[in-house]
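One structure is given below, encoded as structure tokens.
Nothing in this text is a laboratory measurement; each read-out follows from the coordinates by a stated rule. Quick caveat, the model's predicted, so the values are computed rather than measured. Here Cβ is always computed from backbone atoms with ideal geometry, including for glycine, and neighbour counts include all displayed protein chains.
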Amino acid sequence: MSLPSKCEYLIIGGGIHGLSTAWHLCKKLSSKGQLKEDSVVVIEKTKVGEGATSVACGIVRNNYYQPAMRRLMAHSVDVWNANAEALQFRPVGYMQINSQLMHEGMAEVYHQQKEIGYDSTFIEGAADCDKYMKELLPDWQAQGITSVLHEKNSGYGPNRGANLGFKKLAEAAGAKILEGVQATNLVTANGSGAVSAVETNQGTIECSQLVVAAGPWVRTFWEMLDLPNSVKIKQPDGTFTDEIPMWSYMALEEGEIDVDPNSYRTAKGTEYPVIHVDTEATLVSNKSGDVIHENEMWGFYYKPDVYRNGIQGGSSPYDVAKPASEVKLDPYGHESEEFQPRPAFEDKFTSALAFCQKQFDGCHAKYKNQKAGGIGCVTPDRFPVFDQYRENVYIIADANHGYKMAGVGDLVSDEVLGSKSEILEPFRFSRYQEGKLHPVSNSPFPWS
């Protein structure tokens, strides 16, 4: 398929956000009788499913301490469930399991989920939590758990499979998706700040509206637009912080154990829910007996994953200790030699599994020795930025919350067509200048 000379809506990035935006844009244009052959064009520098989406763990949840994130995620979970077959989504549920330090915050999450109509159950107290977990997973043995939030409509899906599902939906709706087309420059015309065309390795394409959905490569386009590389954040007392870099990177730590995921069932015969544990309980190595964590918060998550043919999960990401401008993104993900789980991750992950369930005692022998790397580009407060710049450039900067937010494309398409989204309003770039930041939790994960 050749690159058209012009289009109305050009989207850079063929990941979850780019394709979801293309799909929803086409549907809305079609409903107005305004969809043409080259109305919506997506360019992807490699192939669909090979960017950040390719290394996503695939978990879809509502659980966030921040009210704005919960509203956003409730909308996205609806998109996942409404298109479960096309996206291969499995609504097996999601459990956030906590020690006392997380208890109060999780109670707030539960009550606010009730306010927005998100289906969940909340169990409190060590004895009741232990009973609830053992009724579901009889070999449950995690100690020090005082609350369990069980989301019923959450779950997981395949990373590449869901991405390809969005590709089919977008193409069927009328989008043109071009792979192997890399944007190299943004062109402005007649002194206007608006972008009139995008230069690529396959030629130049003119556009009326540009959407940048480039995942961890967002910084490249931010710089092309001459947007600020640092920000000052307004504090509660009215003063401002020193300059803080706009972008930084975090490296993911995930892995798998080599077992048949279909053999793992709850006591009720159903698929396991996704399990996430945050605790300050002492974690001892199941392999050596050495202490891994003591008197500090740690967390991890896991799920029997039919798409990966094993039990997949991960732990808290770590900061990439270099300026964003020095971070080498390509080759990305599993192809990277630099950004892979650190040697200690295997012991932590398999020991955490054994901490939770008796049957995982000794599971380090089944750990898959394979590449599982990936890095995400995060904002100063580590929450997304969705905003319009330069008159006609919309930037989706997901701050590595990406995969689960499949509904963002629906909301962005509304904004591109002229209707402001109340759900996206808390994620404007101006929040730094205005001091309208999102609250933070006690979770060891930077985006919970």
With equal scatterers on the alpha carbons only and no solvent term, can you work out the Debye log10 of I(q)/I(0) for the chain at 0.07, 0.09, 0.10 1/Å?
-0.35, -0.58, -0.72
Could you point to the residue in G409, F355, P384 farthest towards the positive end of region 338-419's charge dipole, with +1 and -1 charges on the Cβ of Lys/Arg and Asp/Glu respectively?
F355
Putting +1 on Lys and Arg Cβ atoms and -1 on Asp and Glu Cβ atoms, find which of A170, M133, M106 reaches farthest to the positive end of the dipole of region 74-216.
A170
Here the convex hull volume per residue of region 205-308, taken over Cα atoms and given in Å³, is 292 Å³
When the chain is treated as a Gaussian network with springs between alpha carbons less than 10 Å apart, the largest mean-square fluctuation among I244, I97, I396 is found at I244
Per residue, what volume in Å³ does the convex hull of the Cα atoms of region 363-443 enclose?
155 Å³
How big is region 135-195 in terms of Cα radius of gyration and Dmax, in angstroms?
23.4, 69
Which of K27/K303; K303/K366; K152/K366; K152/K176; K114/K234; K176/K404 exceed 26 Å between C-alpha atoms? The answer is K27/K303; K152/K366; K152/K176; K114/K234
When the chain is treated as a GNM, springs tying every alpha-carbon pair under 10 Å, which of E338, E256, E326 comes out with the largest mean-square fluctuation?
E326
The correct pair for region 300-406, radius of gyration to one decimal and Dmax as a whole number, both in Å and from Cα atoms, is 17.2, 58
When the C-alpha atoms of region 28-125 are aligned to their principal axes, what extent does each axis show, in angstrom, from largest down?
58, 32, 24
Across every pair of different alpha-carbon atoms, what Kirkwood hydrodynamic radius in Å does region 266-311 reach?
12.8 Å
